[in-house]
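Below: the structure, in structure tokens.
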Amino acid sequence: MRSNRFVYIRTFGCQQNEADSETILGICETRGFLPTEQMEEADLILFNTCAVREHAELKALSTTGQLKHLKEKNPALKIGLCGCMVQQEHRKEDVKNKYPYVDFCFGTNMMPRLGEILDEVLSSSKRRFYIEDYKENPGAICEGLPVERKFSYKAYVSIMYGCNNFCTYCIVPYVRGRERSREPEKIVNEVEKLIRSGCKEITLLGQNVNSYGKDLPSPLSFAELLDRICQIQGDYVVKFMTSHPKDATLALFDVMAKYPQMERHFHLPIQSGSDVILKKMNRHYTAKDFFALCDALRERMPEIAITTDIIVGFPGETEEDFRQTLAAMEQCRFDGVFSFIYSPRKGTPAAELPGRLPEEVLKDRMARLLELQQKIATENNEKLIGKTLRALCEGESKTDAAFLSARTDSGKLIHFPKPEGEDLTGQYVQIKIREARAIMLIGEKQK
Ligand code: 5AD
Ligand code: SF4
């Protein structure tokens, strides 16, 4: 008999899910499981799913379909689905009815109970569904749970969970519950420990970090939290994800500018450049408000990279609305744009709106957006040619093994030729930029 049991986890979706998977793995280890990259040798397979767009759900479901033959080969195998997709009632029913080889599901609020859940699932053959409804429960705060971190030199630290904004297109508030913040002392302690252990890059996570602390017994702003974190001595960079423009404050920008260890990058999702659409999205700012935020950031930190998210084809988006989005891109000169075709999410207000756009219009708008973004990002990056930038090496490039990848303090990706016999992963390097593309820079390591 084998003494070791193995768990395989696959994560779909955002950084919060990546972070959750590290906790899930930590909890599995307390039950005697070792992680494996080989699905075939696993005794427990977990898919941590995403619900933000239909495409992500379909991918998780089709990948789940491929597990059927593994279960047939090994009936003792336990298969579990977790995360945002199964948190939705209709998807839970789909799994119950159409995927009989899935043994259990658990929602996004189950982390503190996961140890017991695993004990129950592993000791019986009954199918189980552990989903708690956020209409009745605001959600848990994960504190003191074991975490098995994927990297030693970079780490995610959740500072808050959930979202209260209810943007009309978004499923997140329904599947992740209400905003709840961790105590600042606990966050600062966790970050301090990571930095002491040699971690170089800390990414603070929350659906909307700018509303951090509003729910605490003694409220504290996100800017104040950053100020406390930046008191920690050491050689590191602090990043954060994601910000809502309506809550981004000048005090936050001031704190960033004050500390060189704050990443020179701000991800600020605009979603649309049309005030009519922004209103229908329930975003609570105008395009002009957004431009003022970009100006305020660049005034304080001229070297800052600003990236954004844009949704193309929100219901009722006219050609004029879309042109305003393109105009906003010209105005803000984003360093990166994550663009998404609107995907109706069951149960959200926007899914009930008239004015869905035909496929050709969506494709045409997306192509025009991408072309403009390619031009702007290349022009921005060309300004960096000849400069020497500090970057954290992340190991071999995914596209060419002769190159290493590194990220600058402004979050830009650099590829540079791999020096012979030197493992630079997790170290800072100085790189002179030779070439610029839209999504990456190419350079040479300086001695
Ligand atoms: N359709 C398309 N994109 C969406 N996003 C969120 N919900 C949807 C949806 N229903 C995008 C937003 C958000 C990013 C994480 O995903 O741009 O900022
Ligand atoms: Fe979704 Fe809006 Fe909350 Fe972001 S802020 S998670 S887009 S509801």
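Residue by residue through region 249-291, note down the ones that are farther than 19 Å from Val337 by Cβ, buried (at least 21 other Cβ atoms within 10 Å of the Cβ) and of a type in the set (Lys, Arg).
Lys280
Only residues that are open to solvent by less than 20 Å² (accessible area, probe 1.4 Å), over 30 Å from His90 (Cβ atoms) and among the hydrophobic types (A, V, I, L, M, F, W, C): list them for region 321-351, please.
Phe322, Ala328, Met329, Cys332, Phe334
Taking region 306-316 on its own, how many of its residues are assigned to a strand (DSSP E or B) and either open to solvent by 10 Å² or more (accessible area, probe 1.4 Å) or away from ligand 1 (no atom under 11 Å from the Cβ) (or both)?
Total satisfying the criteria: 4.
Could you please find all residues in region 317-336 being among the β-branched types (Val, Ile, Thr) and in a loop (DSSP other than H, G, I, E, B)?
Thr318
Would you be able to tell me the number of residues in region 168-204 that are without any contact (Cβ under 8 Å) to a residue 40 or more places away in the chain, within 12 Å of ligand 1 (Cβ to nearest atom) and crowded, with 20+ Cβ neighbours inside 10 Å?
0
Of the numbered conditions (1) within 16 Å of ligand 2 (Cβ to nearest atom); (2) touching a helix residue (DSSP H, G or I) at 6+ places or on another chain (Cβ under 8 Å); (3) outside any loop (DSSP other than H, G, I, E, B), Lys279 satisfies every one except a single condition; which is it?
(2)
Tell me whether region 32-40 contains one or more residues that are in a strand (DSSP E or B) and crowded, with 19+ Cβ neighbours inside 10 Å.
yes
Does Pro269 satisfy the criteria of being of a type outside the set (D, E, K, R), outside any helix (DSSP H, G or I) and within 27 Å of Pro349 (Cα to Cα)?
Considered against the rule, which asks whether it is of a type outside the set (D, E, K, R), outside any helix (DSSP H, G or I) and within 27 Å of Pro349 (Cα to Cα), Pro269 comes out as yes.
Could you list, in sequence order, all residues of region 245-279 that are among the acidic types (Asp, Glu) and either in contact with a strand residue (DSSP E or B) (Cβ under 8 Å, 6 or more places away or on another chain) or in contact (Cβ under 8 Å) with a residue 60 or more places away in the chain (or both)?
Answer for region 245-279, where residues must be among the acidic types (Asp, Glu) and either in contact with a strand residue (DSSP E or B) (Cβ under 8 Å, 6 or more places away or on another chain) or in contact (Cβ under 8 Å) with a residue 60 or more places away in the chain (or both): just Glu263.
If the requirement is being within 16 Å of ligand 1 (Cβ to nearest atom) and polar (S, T, N, Q), which of these qualifies: Asn165, Asn137?
Answer to the selection: Asn165.
If I ask for residues that are away from ligand 2 (no atom under 16 Å from the Cβ) and open to solvent by less than 10 Å² (accessible area, probe 1.4 Å), which ones from region 238-248 would you list?
Scanning region 238-248 gives a single hit, Val238.
If I go through region 352-362 residue by residue, how many of them are within 16 Å of Lys280 (Cα to Cα) and open to solvent by 50 Å² or more (accessible area, probe 1.4 Å)?
Summing the residues that are within 16 Å of Lys280 (Cα to Cα) and open to solvent by 50 Å² or more (accessible area, probe 1.4 Å) in region 352-362 gives 4.
Conditions (1) assigned to a helix (DSSP H, G or I); (2) touching a Gly at 6+ places or on another chain (Cβ under 7 Å); (3) not basic (Lys, Arg), marked per residue:
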position	(1), (2), (3)
Ala56	yes, yes, yes
Leu70	yes, no, yes
Ala76	no, no, yes
Gly80	no, no, yes
Arg91	yes, no, no
Cys105	no, yes, yes
Asp119	yes, no, yes
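Would you confirm whether any residue within region 205-227 is open to solvent by less than 10 Å² (accessible area, probe 1.4 Å), away from ligand 2 (no atom under 16 Å from the Cβ) and within 17 Å of Gln16 (Cβ to Cβ)?
no
Every residue, every condition in (1) in contact with a Leu (Cβ under 9 Å, 6 or more places away or on another chain); (2) outside any loop (DSSP other than H, G, I, E, B), yes or no:
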residue	(1), (2)
Arg368	yes, yes
Gln373	no, yes
Thr378	no, yes
Leu384	yes, no
Leu389	yes, yes
Leu392	no, yes
Asp400	no, no
Ile414	yes, yes
Glu420	no, no
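Cβ-Cβ under 7 Å, sequence separation 6+ or interchain: first residue in region 362-384 and in the same structural domain as Phe314 (by TED's automatic domain parsing), partner open to solvent by less than 90 Å² (accessible area, probe 1.4 Å) and part of a helix (DSSP H, G or I). Which pairs?
Listed by first residue and then by second, the contacts come to Arg365/Phe322; Arg368/Leu326; Leu369/Leu326; Leu372/Leu326; Leu372/Met329; Gln373/Met329; Ile376/Met329.
The values are calculated or read from the model by the stated rules, or taken from the named source; none is laboratory data. Computed from a prediction, not measured in an experiment: that's the story for all the values here. We place every Cβ from the backbone using ideal geometry, glycine too, and count neighbours over all the protein chains shown. These area figures cover heavy atoms from the full protein model, side chains too; ligands, DNA and RNA do not enter into them. Shrake-Rupley method; radii C 1.70, N 1.55, O 1.52, S 1.80 Å.
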